[in-house]
Every structure is written in C-alpha cells, then in structure tokens.
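The values are calculated or read from the model by the stated rules, or taken from the named source; none is laboratory data. Keep in mind it's a predicted model, so treat the numbers as computed, not measured. For neighbour counting, all protein chains shown are included, and Cβ atoms are generated from backbone atoms with ideal geometry for every residue, glycine included. SASA here: full protein model, heavy atoms, side chains in, ligands and nucleic acids out. Shrake-Rupley method; radii C 1.70, N 1.55, O 1.52, S 1.80 Å.
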Amino acid sequence: MRRSLDAADEAELVRRTAAGDRRAFDELYRRTSPWLAVRLRRRCADDDVVADVMQETYLAVWRAAGDFAGSATDGSAVGWLWTIAANRLVDAFRRRARQEKVPAAHTATTVPAAEDEVMAARVGHELEQALLTLPPDVRQVLRAMVLDGLSVRETSLLLGVPEGTVKSRARRARLALREALS
C-alpha cells in the first residue's frame, strides 16, 4: 500500500482522501504541508495564525476532498489546496481585524534619507514596469519561485507544468528583467 501511495500524484491522493482513505490523506499532508507552511509564513509572520490556518486548511481538505475529486476542471490538486489555505488566511486576518487584536507596530527610530526614498521608489517603479512586460506564464513562475520561495519541483506541482518548463521560464524571466533594468 505504501508503495502505491508513493507513486500517486497529489490529485490521486485527494481522490483517495475523498473515498475516506486516511493513509492517502496522511501522505498528502506529508508532501504538501512543508511548502504550504512556507507560503503562509511569507504572508503572515504570526506562527499561531499560520498553525491555525494549516489546521483549518487540512480539515477543509478532509471534508471537501470530494468537491475536488468530482470536479471536471483541469486545476491541480496543489493549486486547489493553496486556494483553500489562502482563503482561510484571509478569513483569519478578517477575524483578527474584527477582534481588534492587531499588535501595535513598532515605530522606526531612524528615518531613511530622502535620497534613499527617491531611489527606492524609482527602482520599485522600474521593477514593477519590467514585471508587467513579462508574459503571464513567466510571471507566475517568477512569483512562485522568488516571492513564495518555492523550489523548482514545488513550482512545477503548483502550476502543473514540467520542471524543465519551470526552469526555462525562470531563466527567461531573469534575462528579461536584467535587460529591462539595465
């Protein structure tokens, strides 16, 4: 049984989870929870909130696996999982805002120089314009690998494309940004 779970992709694990297979759910969690936690931590620095969102996400996956397994869409199981987690994170932020338990932000004791602010804004604007010139598929790879800190394999799973395609798109993005920013 363990060997067949190792060979199963995430979509198959979700389908088996929908059928009530606890081992498939455990394997899905083992495979996806590390990168999911990393993505959530990039969006929320509060470890308690991230832990709650992780728990809520996998509980929702257990309960709603049939929704994915029965769908005729071409979406990836990893993308479906991320959508659930992202929605749960937004819900957590909303709950927190309603409860007004937002921790007070530290005020900076040093103020950046005006020249630094101008240069940062200029570089930020140039980078933003350069990113907008990238094709959407290349921009998706860049977002997953740079902003979310995912590996080539994780990006491949998330986007549903081969690892070689991820590598070539990442290279195209780097070359295009280098050209645009130089």
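Would you tally the residues in segment 33-72 being part of a helix (DSSP H, G or I), open to solvent by 70 Å² or more (accessible area, probe 1.4 Å) and closer than 18 Å to E10 by Cα? I'd like the intermediate steps shown before the answer.
If we filter segment 33-72 for residues that are part of a helix (DSSP H, G or I), which is where we start, we get 33-43, 47-69.
In the following step, the residues that additionally are open to solvent by 70 Å² or more (accessible area, probe 1.4 Å) were identified as 34, 41-43, 47-48, 52, 55, 59, 62-63, 67.
Okay, now just the ones that are also closer than 18 Å to E10 by Cα, so 34, 59, 62-63, 67.
Final tally of qualifying residues: 5.
Every residue, every condition in (1) within 16 Å of the chain's Cα centre (by Cα); (2) surrounded by 15 or more Cβ atoms within 10 Å (Cβ to Cβ), yes or no:
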| site | (1), (2) |
| --- | --- |
| R139 | yes, yes |
| L147 | yes, no |
| E154 | yes, yes |
| L157 | yes, yes |
| K167 | no, yes |
| A173 | no, yes |
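Among the residues of segment 154-177, which ones are of a type in the set (D, E, K, R) and at pLDDT 85 or above?
At the first step, the residues of segment 154-177 found to be of a type in the set (D, E, K, R) are 154, 163, 167, 169, 171-172, 174.
Within segment 154-177, E163, K167, R169, R171, R172, R174 meet the criteria.
Is one or more of the residues making up segment 88-108 surrounded by 12 or more Cβ atoms within 10 Å (Cβ to Cβ), part of a helix (DSSP H, G or I), modelled with pLDDT of 90 or more and out of contact with any Gly (no Cβ under 6 Å at 6 or more places or on another chain)?
So far as segment 88-108 goes, yes, one or more of its residues are surrounded by 12 or more Cβ atoms within 10 Å (Cβ to Cβ), part of a helix (DSSP H, G or I), modelled with pLDDT of 90 or more and out of contact with any Gly (no Cβ under 6 Å at 6 or more places or on another chain).
Read through the list (1) modelled with pLDDT of 85 or more; (2) closer than 19 Å to V152 by Cα; (3) surrounded by 13 or more Cβ atoms within 10 Å (Cβ to Cβ), then give the number of the only condition that R30 fails.
So the condition that R30 fails would be (3).
Take the residues of segment 6-25 that are part of a helix (DSSP H, G or I) and open to solvent by 70 Å² or more (accessible area, probe 1.4 Å): which is modelled with the lowest pLDDT?
This residue is D6.
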